[in-house]
Each structure stands twice: as structure tokens, then as C-alpha cells.
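What follows is one structure encoded as C-alpha cells, with my remarks underneath.
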Amino acid sequence: MQEVFCWVLMVGVVLTGGAWAKLRLELQQGVDVLSFEVRPGTKLPIAISIGAAVFPHDGDSYETLLATADSRMYRDKTRRKRQGSPDAAGEGPSTPKAGSLTDGDLKRAAVGIL
């Protein structure tokens, strides 16, 4: 599992709660259809969890905004894990079983894209 954090600063953009939720859902659905082929016939699903904080509503310092966005991202991640996904439910013949891929498998797959 790979963890990546991304910081996006949108100056002059105001999103209401409903607009933000719609944007988050659209981004997640766009990524959910992707997969990473670690070896022929074996694909891993790709998913993202998103958290956001808005200045000054959620805080007035970098540290506060970052902590709020991070907390919301982990809450989103937990929610998505509890809901599951079609790949997690075992649909599709190419979904690997837990523990079926070795570190070597992942390294060999990564060499092809790095």
C-alpha cells in the first residue's frame, strides 16, 4: 500500500459543503475505475481518500489547516474501507486475494512504469 499526500491551494475559489462533496465524489469515482497491473492478469485497484480544509473557516494557520485536512482524509479513508468497493468484494477474475502478491511482484511491476 502506498500513501501519498497532496497539498492544493486554490486562491479565490469558494466551495460550499455540497459542491465540495460533489467534487470529492467525482474525483474518487474517476480514480476508482483505474487499476495497476502488477503482472499479466493480476490487477490491483487504485483508490484515493480526500480531506480538505478551508481558510479561515477551518483555521487560520498552516498547521491547523493541515491537521484538519489530514483528519478528514483519514475519516474518508475509514468510511471508504467500511463501504468496500466492487474489487474488494471479489468481483472480477483479476482481483488478487490478500497476501497473494509478494514484494518482488510489486517491485517488478513498478520497474515497468518508473
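FYI, it's all coordinate maths here, none of it is from the lab. Remember, it's a predicted structure, so these values are computed and weren't measured experimentally.
Some observations on this one:
- Estimated at 0.36 nm per residue, the fully extended path between V8 and E26 surpasses their Cα-Cα distance by 4.8 nm.
- Taking amide H as placed 1.01 Å from N in the peptide plane, the amide H of L44 sits under 5 Å from that of F36, E37, V38, each at least 5 places away or on another chain.
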